[in-house]
Amino acid sequence: MAVEGFPTDRYSGRGLIVGRSADGESWLQIYWLSGRSENSRNRVLVEQEGQIRTATADRSKQVDGTFTLYTALCTLDGAHLVGNGDQVTTVAEALGAGGSFEQALRTRAVEEDPPIWTPRISAIVAGEKLTLSKIAKNGHAFFEAAPLEPGEGLCLHTYHGDGDPILPFDEDPYLVRLEGGAEELAQSSWEKLYPDFRVALVVKEIGADGSFRHVIVNRLTPPSS
């Protein structure tokens with residue numbers, strides 16, 4: 001089992017896992033999209049200049065990109081960011097101006113999609129430090145992780161259950177186990193997503209020297225340009 005403790009919810013929405021590889025040599029970031037609506041499912045993940053962005057798969061369909069089109073993973077001066085919305089860009093811009101992860105996210109609020117109020121979930125790896133954030137309807141929470149053992153990761157996602165309306169995930173980051181390489185982790189995580197709701201997934205492997213690579217799985221074919 002490559003990912004032990006991956007969400008078992010029929011619909012987890014968007015989610016992230018950040019942790020250490022089983023050999024302790026690398027950081028790993030896993031990010032996934034799942035969707036119930038046609039608009040949500042008409043997406044792919046693409047790599048552009050070292051960043052991972054969401055993109056529209058079929059551009060002939062009407063698209064509302066308010067909460068669906070954004071940079072999900074990026075790197076700035078050795079800091080590796082991942083999140084489920086355009087707050088990732090907010091953080092990157094703040095870091096570039098000398099600000100902090102926490103300061104940047106305190107300027108943002110939960111997604112304006114009543115009655116759900118989807119949480120904004122984010123994480124940053126800088127050196128050996130991992131910090132996670134969840135912005136929910138009732139406020140901002142930050143979680144500075146204790147040092148992780150090889151093969152340990154922390155997980156956050158946006159929803160739990162499959163109700164109507166869906167319920168936001170309201171718990172702290174929780175521990176999962178990571179075994180295997182980036183490709184194995186990508187395949188294992190993809191298989192754990194409910195088949196009807198799978199959209200896209202990426203695993204980012206970050207080496208001790210700061211180098212990184214992405215393994216992307218998409219349900220639909222990315223646009224040609």
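The values are calculated or read from the model by the stated rules, or taken from the named source; none is laboratory data. All of these numbers come straight from a predicted model, not from anything done at the bench. Cβ sites come from the backbone with ideal geometry, for glycine too, and all protein chains shown count toward neighbours. To get the accessible areas, we keep the full protein, side chains included, count just its heavy atoms, and leave off ligands, DNA and RNA. Shrake-Rupley method; radii C 1.70, N 1.55, O 1.52, S 1.80 Å.
Relative contact order (percent) for region 1-63, with alpha-carbon contacts under 8 angstrom and 6 or more residues of separation?
This gives 20 percent for region 1-63.
Could you tell me whether the chain comes out rounded, prolate or oblate from its Cα gyration tensor? Rule is a ≥ b ≥ c as square roots of the eigenvalues, rounded for a/c under 1.5, then prolate if a/b exceeds b/c, otherwise oblate.
Rounded.
With the Cα gyration tensor of region 158-225 giving a ≥ b ≥ c as the square roots of its eigenvalues, does the rule (a/c under 1.5 for rounded; else a/b larger than b/c for prolate; else oblate) give rounded, prolate or oblate?
Note, shape of region 158-225 comes out oblate.
Within 12 Å, Cβ to Cβ, of Glu38, how many net charges do the neighbouring residues add up to if Lys/Arg are +1 and Asp/Glu are -1?
+2
Carbon and sulfur together cover what percent of the accessible area of region 1-119 at a 1.4 Å probe radius?
Roughly 44 percent of what the probe reaches on region 1-119 is carbon or sulfur.
What does the charge dipole of the chain about its Cα centre add up to, to the nearest 20 debye, if the Cβ of each Lys and Arg holds +1 and the Cβ of each Asp and Glu holds -1? Mind showing how you got there, number by number?
On the way: 21 positive and 32 negative charges, 124 e Å.
With Lys and Arg at +1 and Asp and Glu at -1, about 600 debye.
What FRET efficiency do you get for Asp58 and Arg10 if R0 is 25 Å and r is their Cβ-Cβ distance, rounded to the nearest 0.05?
Approximately 0.50, to the nearest 0.05.
Please give the calculated 222 nm ellipticity per residue for the chain, where each DSSP H segment of at least 4 residues contributes -39500 (n - 2.57) and the sum is spread over every residue; nearest 500 deg cm²/dmol? Walk me through the numbers on the way to the answer.
Details: 4 runs with 30 residues, N = 225.
One gets -3500 deg cm²/dmol as the mean residue ellipticity at 222 nm.
Any idea which of Thr118, Thr89, Leu201 is furthest toward the positive side of the dipole for region 46-204, if Lys and Arg beta-carbons carry +1 and Asp and Glu beta-carbons -1?
Of Thr118, Thr89, Leu201, it is Thr89.
Does region 1-79 come out rounded, prolate or oblate by the C-alpha gyration tensor, with a ≥ b ≥ c the root eigenvalues, rounded set by a/c under 1.5 and, if not, prolate when a/b is larger than b/c and oblate if not? Mind dumping the intermediate values first?
Working: a/c = 2.94, a/b = 1.42, b/c = 2.08.
Taking the square roots of the gyration eigenvalues as a ≥ b ≥ c, region 1-79 is oblate.
Over region 84-168, what is the relative contact order in whole percent, taking alpha-carbon pairs under 8 Å and six or more residues apart?
That works out to 22 percent.
What's the ranking of 29-38, 99-108 by average number of surrounding C-beta atoms within 10 Å, highest first?
The densest-packed peptide leads the list: 29-38, 99-108.
Quick check for you: with a 1.4 Å probe and neighbouring chains kept, what is the accessible area per residue of region 126-225, in Å²?
Numbers: 5060 Å² over 100 residues.
Spelled out: the 1.4 Å probe surface of region 126-225, per residue, equals 51 Å².
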